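Here's the structure we're looking at; comments come further down.
The values are calculated or read from the model by the stated rules, or taken from the named source; none is laboratory data. This structure is a prediction, so every number in the text was calculated from the model and none was measured. Cβ atoms come from the backbone with ideal geometry, glycine included; neighbour counts cover every protein chain shown. The protein model used for the area step is the full one, side chains on, heavy atoms only, and it has no ligands, DNA or RNA in it. Shrake-Rupley method; radii C 1.70, N 1.55, O 1.52, S 1.80 Å.
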Amino acid sequence: MPLKRRIPQLLIHLVFILFSLSCIIPLISVLSVSFSSEVDILKNGYSLFPRVFDLTAYAYVLYRPIQLLGAFKISILVSVIGTFLAVLAMAGIAYTLSRPDYKYKNKLSFYVFFTMLFNGGLVPTYILISNYLHLKNTIWVLILPYLAVPWFILLLRSFMQKIPFHIIESCMIDGASELRIFFQIILPLAKPGLATVALFTMLQYWNDWWLSLLYIEEERLVPLQYMLYRMMNNISFLTSSTNMMPPGLKNVELPSESARMAMAILAAGPMLAVFPFFQKYFVRGLTVGAVKG
Amino acid sequence: MQRAVRKSKLGLVCTILLLILSMLAAACGNSGNNDSTSNNKAANNGAAQNDTATSDNSSGNAATTDDLPEVKLTWYFPGNFPQPDQEKVFAEVNKVIKEKINATVDFKALPFGDYDQKMQVVIASGEPYDIAFTAGWINNYTQNVAKGAFLPLDDLLAKYAPKTYASMPASFWDATKIKGQIYGFINQQISARTPAVSVPVALVEKYGLDMNSISGKINQDTLNLLEPFIQAVKKDYPQKYPSIGIDPDFFDMEAIVGINVPGAVEFSDDSLTVINQFESDKFKKFVATMREWNEKGYLNSKERISRKSDDWAEGKAGKFALAIGGAFKPGGANLASTLGGEPYVEVPAGTAHLTTGGITATMQAINRNSKNPERAMMLLELLNTDKDLYNLLNFGIKDEHYKLDADGLMIDGDNKQGYNPSVPWMFASNFLANVEKGMPADVWEQTKKVNAEALPSKLLGFTFDAEPVKGEIAKATAVWDEYYRAFNLGVSSEEKYNEFLSKMKSAGADAIIAEMQKQIDAWKASK
Amino acid sequence: MNKIPFIPSSRHFKKNLQLSLLALPAFLIIFVFSYLPMGGIFIAFKNINYSDGILRSPWVGLENIKFFFTSNDAWMVIRNTLLYNIVFIAVGTFLSVVFAIMLNEVIRRSWLKAYQTIFFFPYFFSWIIVAYMAYSFIGPYGILTTWIEKLGFESFDFYSETWVWPILLTLINIWKGLGYVSIIFYAGILGISQEYFEAAEIDGASRLQVIRNITVPLLMPLITIMTLLSIGKIFYSDFGLFFFVPREVGQLFPVTQVIDTYVYRMLKVSGDIGMSSAVGLFQSVMGFIVVLFSNYVVKRIDDDNKLF
């Protein structure tokens, strides 16, 4: 390797390692607080590594975790069903849009992408969903609104546009129906794109608090993020869910600081675990090709 | 391609127009439905009337359900929710309600922190719920009435809730009247209000705080009476702080809309002059004292500023050196002890006054768009007359969530933490509640006596119609939201305070106060 | 347009029908959740009064939007929204492109993969979790707060100092999105035909020359598209960032309040749907105008890069 290229290499790694640290340290700090003893926190503040290792926060959060489990269940259900349906729906429309010979291609693109720039606003949407569609306090209200996100459709369309048209053409000549081409040829070929969009969609569902903030009043439908939000200001969302300390922890102060962080870890963890499954498709799937409609 | 886009744009505009039309049509269709429901209402009316007639005949027995068609009611209220066993308790409650008035209730039990915001959206969207909790301090009564969100209750009260109506002096109902009509159904409780000073017993004993010496003597000028105690506590427990709420009663004023909206009248002012409470010396003094306390390190402001309000959960976490807020009432220390997780004692901060705000501090309102207002009123009457039902909703299932001891006093059940919302005044008249062990046995008699004997505010009976200045009120509230926590925690500088005053001014404080004065003068003249 | 002339028109009809069918589910979802609410825009021109109902409430024309502009906060929230967005777009895009180019220079695949994975971490956290993380640094017991005190400086209260927030919010926003956007650009670079690079190498161009003369120019269409899309959202903000991270501390509103949070809070305190709809409409219309305008400008400069 010529010397000329080596110095920038060092510089690049230095910058990247610093940025990587900044990505990891916040996670570590939250993790560390969740494993610290409350008394120590109140006395010495947070630290990057627990000074006094302590599991009280988890014992507290996981004692009688009925509500926590319920929230997990809702989040998982919404993420899985939502992602599946969304990818299917978006792949469908993206494929149609990617076909240069589709008659209404331009009109349909405009129809989809116009919504990226213009919307009816919070209030009309709320009125529609709660009074006309009657979706309030149903699990569907957490799923349906994100089934067709223009940005993801755009990503998928760009990806599908790169599938050589002659493959489709030859299938057509063989007499395959469009539906068959879509399911048997396009979907397998578009796997990296689909995987990427699936990951993003899943993230969006998992991390969503907005829909539950507006449309969920029933405790059995509260997802994790919303629960976490309510705890931010008021730890009693945790305390009243348990109302008391686990036996054996009688004389310990309520671990309000560390318990909050323990909850954050429980909510963030699953998505980090999911990522490696999608990673190999990632860069290829993120191609934003020609956006032109 | 350019042309294609243009063409499709035209198409789009057409589509949108079509949509608007179809939505309008749908909405009109709906209002048509409304008409038919109002016919139903009339029919219900008749049926219900028959019912009251039969119930009168059978000397106060619950109405037979045969004539009433089954309905589902939706009731929004705040509290210390969620509770682990709430679904179970609500199901039990519904069994009784179903039997008595052939209705089931969808209980929308919301956490205090969510309630205001949820109700704004619910009301804004015109959702056909039936009952909602309302007051001056949460889900603001006057503002909602100004927007036309609630149904006038005068006729409904007379027809379907005669007992509750008769259980209170007429002056109470007058306090709810806006433009001559009642919009709020009062849950009776302590109405003569002054904040409570609540201190953990352990601290009182350890540091020898003489509660009697401060009883009734705490206001913005005398907060320093508490200073030696706070100083001593702070030395041993730096995490503990005094939590002091900003409350009009604390300043011996009656706030016309609420503490967050400019416009208040001093209890002592015979001329009923509306002042801007934020510009008063009292408020200024309070802000200054808090600032001083924070400089001395009493308030732990750094920790508290990132939370919107102090919560009893913080008390449970052992953070309260003392708390000033709420309303002093007989047996109140019991409630504080439950909420704070350790024994508390309470004394009144000042002298209790009977005010419009105090009477209307706990009310239910019926939605303007309710499909079954009659049944909603019947439900309220039922809860206010059926002690067992009320206590079930209030404390949970007997022998599970609570028990009665040999003297008939209430003690903790084995599964108390399963259901313990601690908001007896939320559901109906507090006077029907089981007396908890540790409270005086005649606690409700005492409370009634306090109400009856309290000094009535000179403004009692006046309610403000907020409609003409609702825009200004919204702006003023937004200003308050920005600053109050800083005042509360003493992190505001003199500049900030002045900035706050000038922002309140430009939000329309003067217009609000002028409108209040106008209405008060008219009210005075009419008396 | 018609690339397959030898297929009879009945086939075309069938093909279009089947393709339309594939698009139908998403079409309907978009129709219901994006277009139907647009029908409610008229609320912005009404003084909503519930005793009359939404439809029969009186028309007030532009009164609602006027109310917004006469409030103390209108200019403040518009200024905040625009300034934050301009900084986010400028700094964010610049850094992302730089990162993408640097990623392309990394030779070892294992390093590359590790970086890509780690850079994505922040994108995985919801704003609520980011708010918790920020709190763990700058909260009352936070790591940074504690350090400042330990180092002997005067204790610093992040949640009541307004001047740090523009910096903090910018850092956090860029931190969260950098991994994501830079990988989009990186994918763009990978899409550039290798022939260009090979040709440059044969010509003996230095890396910097290659970057300046090949990578950046060929990446330009993508950069333009991404920027135009961000500009289209310049009147909108990431609600989560401005709502959760400053933890709704009132004192910070002068620097943390943006149009979205303002509308939400107005709705929350006053329940005035006419006004909040009016502000929402203002946002949409302004955003639309800005996009049309910038698209026009881009078209004038370089027709190939335009969005539509």
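Could you work out how far apart the two model spin labels at B:LYS387 and B:GLN446 are, taking each label as a point 7 Å from the Cα in the direction of the beta carbon, and quote it in nm?
My value for the distance between the label points is 1.9 nm.
What residues qualify as long-range amide H neighbours of A:GLU217, i.e. H under 5 Å apart, gap of 5 or more or another chain, H built at 1.01 Å from N?
A:ASN137
Based on Cβ point charges of +1 for Lys and Arg and -1 for Asp and Glu, what charge dipole magnitude is obtained for the protein assembly as shown about its Cα centre, in debye rounded to the nearest 20? Before the final figure, lay out each step's value.
Details: 100 positive and 97 negative charges, 1016 e Å.
Dipole size: approximately 4880 debye.
Just for the Cα atoms in chain B, what are the lengths along the principal axes, largest first, rounded to whole Å?
Computed over chain B, the largest-to-smallest principal extents equal 77, 68, 58 Å.
Using only helices, what value at 222 nm comes out for chain A when you add -39,500 (n - 2.57) per DSSP H run of length 4 or more and divide by the total residues, to the nearest 500 deg cm²/dmol? Please report the intermediate quantities before stating the final value.
Details: 14 runs with 186 residues, N = 293.
Rounded to the nearest 500, the figure is -20000 deg cm²/dmol.
If you take the C-alpha gyration tensor of the stretch A:64-293, multiply each eigenvalue by 5 and take the square root, what semi-axes do you get, largest first, in whole Å? Intermediate results must be reported in sequence, preceding the final value.
Working: eigenvalues 347, 83, 38 Å².
For the stretch A:64-293, the semi-axes come out at 42, 20, 14 Å.
Measuring from label point to label point, each 7 Å out along Cα→Cβ, what is the C:PHE94 to B:GLU295 span in nm?
Distance between label points: 4.3 nm.
Can you give me the orientation-averaged projected area of the convex hull built on the Cα atoms of the stretch C:50-305, in nm²? Working shown, then result.
Numbers: hull surface 77.2 nm².
Averaging across all directions leaves 19.3 nm² for the Cα convex hull.
Can you compute the FRET efficiency between A:ASN44 and B:ASN224 using 1/(1 + (r/R0)^6), with r the Cβ-Cβ distance and R0 = 45 Å? Round to the nearest 0.05. Please report the intermediate quantities before stating the final value.
Working: r = 32 Å, r/R0 = 0.72.
Calculated value: 0.90.
Calculated FRET efficiency, C:LEU17 and B:LYS95, Cβ-Cβ r, R0 45 Å, to nearest 0.05? Intermediate results must be reported in sequence, preceding the final value.
Details: r = 55 Å, r/R0 = 1.22.
E between C:LEU17 and B:LYS95, to the nearest 0.05, is 0.25.
Could you please state, rounded to a whole Å, how far the C-alpha centre of the stretch B:110-183 is from the C-alpha centre of the stretch B:501-519?
25
Mean separation of Cα pairs under 8 Å and 6+ residues apart, divided by the residue count of the stretch C:50-305: what relative contact order is that in percent? All intermediate terms of the calculation are to be shown ahead of the outcome.
Numbers: 221 pairs, mean separation 77.7, N = 256.
Reported relative contact order: 30 percent.
Using alpha carbon centroids, what distance separates the stretch A:162-181 and the stretch C:209-271, in Å?
For the stretch A:162-181 versus the stretch C:209-271, the Cα centre distance is 41 Å.
If one computes the Cα centroid of the stretch B:91-105 and of the stretch C:108-180, what distance in Å separates the two points?
52
Residues of the stretch A:77-115 losing 30 Å² or more of accessible area relative to the isolated chain, 1.4 Å probe, heavy atoms only?
Correct list: A:ALA89, A:ILE93, A:THR96, A:PRO100, A:ASP101, A:TYR102, A:ASN106, A:LYS107, A:PHE110, A:TYR111, A:PHE114, A:THR115.
Between C:ARG109 and C:PHE153, with labels modelled 7 Å along Cα→Cβ, what's the label distance in nm to one decimal, could you check?
Each label point lies 7 Å from its Cα, and together they span 4.5 nm.
Can you bin every Cα-Cα distance in the protein assembly as shown into 10 Å intervals starting at zero and give me the percent of pairs per bin, rounded to whole numbers?
Over the protein assembly as shown, the share of Cα pairs per 10 Å bin runs 2, 9, 17, 22, 20, 14, 9, 4, 2, 0, 0 percent.
If contacts are Cα pairs under 8 angstrom and at least 6 residues apart, what is the relative contact order of chain B in percent?
Working: 853 pairs, mean separation 118.0, N = 527.
It comes to 22 percent, rounded to a whole number.
Restricting to DSSP H runs of at least four residues, report the calculated mean residue ellipticity at 222 nm for chain B, -39500 (n - 2.57) per run over all residues, nearest 500 deg cm²/dmol. Walk me through the numbers on the way to the answer.
Values: 22 runs with 256 residues, N = 527.
Calculated from helices alone, the mean residue ellipticity at 222 nm is -15000 deg cm²/dmol.
Which pairs in the list C:LYS233/C:LYS268; B:LYS147/B:LYS527; B:LYS475/B:LYS496; B:LYS206/B:LYS316; B:LYS118/B:LYS179; B:LYS302/B:LYS496 are over 21 Å apart, alpha-carbon to alpha-carbon? Write down the numbers at each step before the final one.
Numbers: C:LYS233/C:LYS268 24 Å; B:LYS147/B:LYS527 27 Å; B:LYS475/B:LYS496 18 Å; B:LYS206/B:LYS316 19 Å; B:LYS118/B:LYS179 27 Å; B:LYS302/B:LYS496 17 Å.
Listed pairs above 21 Å: C:LYS233/C:LYS268; B:LYS147/B:LYS527; B:LYS118/B:LYS179.
Give me a single rounded figure for A:23-34: the average over its residues of other chain Cβ atoms within 10 Å of their Cβ.
That average works out to 6.
Is there a simple number for the mean count of other chain Cβ atoms within 10 Å of the Cβ of residues in C:202-211, and what is it? Working shown, then result.
On the way: counts 0, 0, 0, 0, 2, 4, 2, 0, 0, 0.
For peptide C:202-211, the averaged partner shielding equals 1.
Note the direction-averaged projected area, equal to a quarter of the hull surface, for the Cα convex hull of the stretch B:429-523, in nm².
Its Cα hull, projected and averaged over all orientations, spans 10.0 nm².
Rank-order A:85-92, C:104-111 by packing density, defined as the average count of other C-beta atoms within 10 Å over each peptide's residues, highest first.
On the way: A:85-92: 23.4, C:104-111: 12.9.
By packing density, highest mean first, the sequence is A:85-92, C:104-111.
The stretch C:1-160: Rg/Rh from Cα coordinates, Kirkwood Rh?
Reported Rg/Rh, Kirkwood definition of Rh: 1.16.
Report the extension gain between B:ASP281 and B:ASP210 in nm, rounded to one decimal, defined as 0.36 nm multiplied by the number of residues separating them, less their alpha carbon distance.
On the way: separation 71, 0.36 × 71 = 25.56 nm, distance 2.83 nm.
22.7 nm is the gain from fully extending B:ASP281 to B:ASP210.
Hey, can you list the DSSP H helices of chain A whose Cα span along the axis is 18 Å or longer and whose average Kyte-Doolittle score is at least -1.0? All intermediate terms of the calculation are to be shown ahead of the outcome.
Details: long enough: A:3-34 (47 Å, 1.60); A:66-98 (46 Å, 1.84); A:105-117 (19 Å, 0.62); A:191-206 (22 Å, 0.68); A:256-279 (36 Å, 1.02).
Taking the DSSP H segments of chain A (at least 18 Å long, mean hydropathy at least -1.0), we get A:3-34, A:66-98, A:105-117, A:191-206, A:256-279.
In terms of modelled amide H atoms, which long-range or inter-chain residues lie less than 5 Å from the amide H of B:ALA327?
Counting only residues 5 or more places away or on other chains, the set is B:ALA196.
Under the rule of at least 5 residues apart or a separate chain, name every residue whose amide H is placed under 5 Å from the amide H of B:TYR241.
B:PHE320, B:ALA321, B:LEU322
Across the residues of C:237-243, average count of Cβ atoms on other protein chains within 10 Å?
Values: counts 0, 0, 3, 6, 0, 0, 4.
Taking the mean over all residues of the peptide, I get 2.
At 27 angstrom or more along the helix axis (alpha-carbon based) and mean Kyte-Doolittle of -1.0 or higher, what helices does chain B contain? Whole DSSP H runs only. Don't jump to the answer; show the numbers that get you there.
Details: long enough: B:2-57 (80 Å, -0.21).
The qualifying helices are B:2-57.
Checking understanding here: applying a Kyte-Doolittle mean of at least -1.0 and a length along the axis of at least 27 Å (C-alpha), which whole DSSP H helices in chain C pass? Write down the numbers at each step before the final one.
On the way: long enough: C:9-30 (30 Å, 0.66); C:74-105 (46 Å, 1.52); C:164-190 (38 Å, 1.59); C:273-301 (42 Å, 1.35).
Helices passing the filter in chain C: C:9-30, C:74-105, C:164-190, C:273-301.
Percent antiparallel among DSSP beta bridges with both residues in chain B, to the nearest 5?
Values: 26 of 47 bridges.
DSSP beta bridges in chain B are roughly 55 percent antiparallel.
Label point 7 Å out from A:LEU88 along Cα-to-Cβ: which residues of the stretch C:18-32 have amide N under 16 Å?
Residues C:21-29 fall inside that zone.
Can you give the extra length, in nm with one decimal, that the chain gains between A:VAL80 and A:LYS162 once fully stretched, where that is 0.36 nm per residue apart less the Cα-Cα distance? List each step's numbers first, then the result.
Details: separation 82, 0.36 × 82 = 29.52 nm, distance 2.79 nm.
Difference between extended and current length: 26.7 nm.
Want the number for A:LEU272 to A:LEU62: 0.36 nm per residue separation, take away the alpha-carbon distance, what's left?
Working: separation 210, 0.36 × 210 = 75.60 nm, distance 2.06 nm.
Here the segment from A:LEU272 to A:LEU62 would lengthen by 73.5 nm.
Looking at the protein assembly as shown, send over the antiparallel percent of its DSSP beta bridges, to the nearest 5. Before the final figure, lay out each step's value.
Numbers: 28 of 49 bridges.
Roughly 55 percent of the DSSP beta bridges within the protein assembly as shown come out antiparallel.
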